[in-house]
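Data block below; observations after.
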Amino acid sequence: MSIFQSFFQQTLSAFMTLFPVVNPIGIAFIINSFFSTLSKEQRYISTKTLVYYSFFLCVVCLLLGQLILMIFHLSIPIIQVGGGFLICKTALNLLADKPETKDKPEQDLTAGSYIKNKLFYPLTFPIVIDAGTISVIFALAASSFSKEIETTIVNFSSIFIAIILCCVMLYIFTHQAFNITKRIGTSGAQVINKMCAFFTFCVGLNVIYEGIIALIELHTK
């Protein structure tokens, strides 16, 4: 098998592994619930910044993840439990009704400033890139090392390309989610936003559950 064929297969495998956990389709509607009060320009800038942050965080996890865990003496189950609680907290804030401002320009300005401070936390982490995504990247990185330097480079490069593809998908689907909610109107958009918030809360509970189960299994061995 040639290096090109190996690279293509590894990239496809990494992408198929990352895509379900990143879930850009579902995440796009969740993100849209935060961006619903932004102007077109603010939404474009916020989406682009969010994708940049997501890409940066994934690359850091790929290259330095194991080192970070060693420095802070952390384990994947602990990250899952902590990340799950953060996801639940964010979802509860989304479910809570917030009063609207009558002055539209002032509302857009305030909303833009508010979202700017939320783009990395909690939007990028732990909503877009959650504990599950981080653990998958750690696993992919750990399995990429080989005795042959060329194979290791190919494996890590394929994961890097898969991360780029997932971020591109996130950008595309986020824009499409806004177009969909715009067509169904304000009431329909509110229904979708509340449903996404509820599902986000359930995702957080599931992440906590998986982290607790992993901790129990870790201490019972």
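For the chain, what % of the accessible area comes from carbon and sulfur atoms, probe 1.4 Å?
The nonpolar share, carbon plus sulfur, comes to 68 percent.
For the chain, with only Lys/Arg (+1) and Asp/Glu (-1) charged at the beta-carbon, what is the dipole magnitude about the Cα centre, in debye rounded to 20?
For the chain, the charge dipole is close to 440 debye.
Have a look at Ala177, Ala139, Ala131 and tell me which one the Gaussian network model of the chain (Cα, springs below 10 Å) gives the largest fluctuation.
Among Ala177, Ala139, Ala131, the largest mean-square fluctuation in the Gaussian network model of the chain belongs to Ala139.
Among Ile161, Ile137, Ile129, which one shows the biggest mean-square fluctuation in a GNM of the chain, springs joining Cα atoms closer than 10 Å?
The residue with the greatest mean-square fluctuation here is Ile161.
Just the accessible area per residue of the chain, please: how many Å² with a 1.4 Å probe?
Computed with neighbouring chains in place, this is 58 Å² per residue.
Give the ranking of Phe125, Phe120 by solvent-accessible surface, highest area first, calculated with a 1.4 Å probe.
Phe120, Phe125
Work out from phi, with θ = phi - 60° and the Karplus expression 6.51 cos²θ - 1.76 cosθ + 1.60, the ³J(HN,Hα) of each residue of segment 169-179, listed in order in whole Hz, and give x for Gly and Pro.
Whole-Hz 3J(HN,Hα) from phi for segment 169-179: 4, 4, 5, 5, 5, 5, 5, 5, 4, 5, 5.
Report, in degrees rounded to the nearest 10, the 0 to 90 angle that the Cα long axis of helix 24-35 makes with the longest principal axis of the chain.
Its long axis makes an angle of about 40 degrees.
Set Lys and Arg Cβ to +1 and Asp and Glu Cβ to -1, take the dipole of the chain about its Cα centre, and tell me which of Leu205, Ile76, Leu92 lies farthest positive.
Result: Leu92.
Have a look at segment 106-221 and give its Rg and Dmax from the Cα atoms, expressed in angstrom.
19.1, 59
Using the per-residue mean of other Cβ atoms lying within 10 Å as a proxy for protection, in what order, highest first, do the peptides 3-16, 162-175, 32-45 fall?
162-175, 32-45, 3-16
Please count, across the chain, the pairs of lysine residues with Cα atoms under 15 Å apart that sit 8 or more places apart or on different chains.
Close lysine pairs found across the chain: 9.
Taking the chain as the reference, fit the longest principal axis to its C-alpha atoms, fit the long axis of helix 131-142 to the helix C-alpha atoms, and give the angle between the two in degrees, 0 to 90, nearest 10.
Roughly 20 degrees between the two axes.
Starting from the 7 Å offset along Cα-to-Cβ, what nm value, one decimal, do you get for the label separation of Met70 and Asn206?
It works out to 3.3 nm between the two label points.
Whole-Hz Karplus ³J(HN,Hα) for segment 78-84, in order, using 6.51 cos²θ - 1.76 cosθ + 1.60 and θ = phi - 60°, x for Gly and Pro?
For segment 78-84, the Karplus-derived couplings read 5, 4, 5, 5, x, x, x Hz, x marking Gly and Pro.
Determine the relative contact order of the chain: mean sequence separation of Cα pairs under 8 Å and six or more apart, normalised by residue count, in whole percent.
47
The values are calculated or read from the model by the stated rules, or taken from the named source; none is laboratory data. The structure displayed is predicted, hence computed values, not measured ones. Ideal geometry is used to build each Cβ from the backbone, glycine not excepted, and the neighbour counts take in all protein chains shown. Accessible surface areas use protein heavy atoms only, side chains included; no ligands, DNA or RNA. Shrake-Rupley method; radii C 1.70, N 1.55, O 1.52, S 1.80 Å.
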